[in-house]
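Trainee: Sending over a structure as structure tokens; questions will come in a sec.
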Amino acid sequence: MDALNLRKARIYLTGFMGSGKSTIGPILANTIGYDFVDVDRTIEQETGMSVNEIFQELGGERFREMERKLVIELSNKSNLVVSLGGGTMVDPENYRAISSSGIIVYLKTNPALLFKRLHRKTDRPVLTKIPGHLLEEEELRARIEELYRTREPIYAKADITIQTDEKRVGITVDEVVKKLSQYLA
Ligand code: S3P
């Protein structure tokens, strides 16, 4: 099997928190007839803890270990759409496993819109000092912009980039399917 034939068995959705990975993922999977796995939700199901609880009680490093283990497992399964966490691709080991085993789709969303979507959410521990608590608005805005700056070049290594912004979910899925079709053919 050549490299692309192998890679088309898995589609990875990447992008910042709030970019729509978990919303787009199941619809995309349904559309192309693949199974769907969400990395964060799987870790939550397997541990019986929320991502917040894992960060708070076991620490962020332990969450990253679980994430790495799951990514390796998923990279060996077929016909799968995987919604990664916003930090998954930042880990070089994860990036190697993902890029060699699948097609990466980056859902690109501008930081101002990310702020709008995230500013009342308490379930993103990397955007807080204390998991479950909100940062002050200006502090949160700066945190999102700083993380966005460091992560954007990593997400941009994806095979396909879709600018999502205010587009309706169905439109974004259509665009992903259209761009994917040249890989899946
Ligand atoms: C994280 C993103 C989250 C989750 C965890 C860490 C990150 O996933 O994995 O809170 O480092 O960006 P979403 O992108 O699905 O929110």
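The values are calculated or read from the model by the stated rules, or taken from the named source; none is laboratory data. Here the structure is a predicted model, which is why all the values come from computation and not from measurement. Methodologically, a virtual Cβ is constructed for each residue, glycine included, from the backbone with ideal geometry; neighbour enumeration extends over all protein chains shown. Protein only, heavy atoms only, side chains kept; ligands, DNA and RNA dropped before computing areas. Shrake-Rupley method; radii C 1.70, N 1.55, O 1.52, S 1.80 Å.
Trainee: Can you tell me which residue in the stretch 107-126 is farthest from the ligand (Cβ to nearest atom), limited to those that are of a type outside the set (D, E, K, R) and open to solvent by 50 Å² or more (accessible area, probe 1.4 Å)?
Mentor: The residue in question is 112.
Trainee: Something else now. Taking the stretch 127-184 as the region of interest, how many residues are closer than 29 Å to residue 59 by Cα, outside any loop (DSSP other than H, G, I, E, B) and open to solvent by 30 Å² or more (accessible area, probe 1.4 Å)?
Mentor: Adding up the residues that qualify gives 14.
Trainee: Could you check the stretch 67-96 and list, in sequence order, the residues that are crowded, with 19+ Cβ neighbours inside 10 Å and assigned to a helix (DSSP H, G or I)?
Mentor: Once the filter is applied, which keeps residues that are crowded, with 19+ Cβ neighbours inside 10 Å and assigned to a helix (DSSP H, G or I), the stretch 67-96 yields 67, 70, 71, 74, 88, 89, 94.
Trainee: Regarding the stretch 81-91, can at least one residue be identified that is among the β-branched types (Val, Ile, Thr), within 30 Å of residue 185 (Cα to Cα) and in contact with a Lys or Arg (Cβ under 7 Å, 6 or more places away or on another chain)?
Mentor: The answer is yes; a qualifying residue exists.
Trainee: Right, another one. Using the structure shown, decide if residue 104 is surrounded by 13 or more Cβ atoms within 10 Å (Cβ to Cβ), part of a strand (DSSP E or B) and in contact with a Phe, Trp or Tyr (Cβ under 9 Å, 6 or more places away or on another chain).
Mentor: yes
Trainee: Residue 37 versus (1) out of contact with any helix residue (DSSP H, G or I) (no Cβ under 9 Å at 6 or more places or on another chain); (2) more than 27 Å from residue 116 (Cβ to Cβ): which is the lone unmet condition?
Mentor: Unmet for residue 37, out of (1) out of contact with any helix residue (DSSP H, G or I) (no Cβ under 9 Å at 6 or more places or on another chain); (2) more than 27 Å from residue 116 (Cβ to Cβ): (1).
Trainee: Kindly check whether there is at least one residue in the stretch 64-74 that is within 25 Å of residue 174 (Cα to Cα) and at pLDDT 95 or above.
Mentor: yes
Trainee: Being modelled with pLDDT of 95 or more and within 14 Å of the ligand (Cβ to nearest atom) is the requirement here; does residue 93 meet it?
Mentor: Considered against the rule, which asks whether it is modelled with pLDDT of 95 or more and within 14 Å of the ligand (Cβ to nearest atom), residue 93 comes out as no.
Trainee: Same structure, new question: Of everything in the stretch 7-57, what is more than 13 Å from the ligand (Cβ to nearest atom), open to solvent by less than 20 Å² (accessible area, probe 1.4 Å) and either assigned to a helix (DSSP H, G or I) or in contact with a His (Cβ under 7 Å, 6 or more places away or on another chain) (or both)? Give them in sequence order.
Mentor: Passing the criteria: 28, 29.
Trainee: If you don't mind, there's one more thing I want to ask. Which residues, counting only those in the stretch 58-74, are more than 10 Å from the ligand (Cβ to nearest atom) and either closer than 12 Å to residue 125 by Cα or in contact with a strand residue (DSSP E or B) (Cβ under 7 Å, 6 or more places away or on another chain) (or both)?
Mentor: Those that are more than 10 Å from the ligand (Cβ to nearest atom) and either closer than 12 Å to residue 125 by Cα or in contact with a strand residue (DSSP E or B) (Cβ under 7 Å, 6 or more places away or on another chain) (or both): 59, 74.
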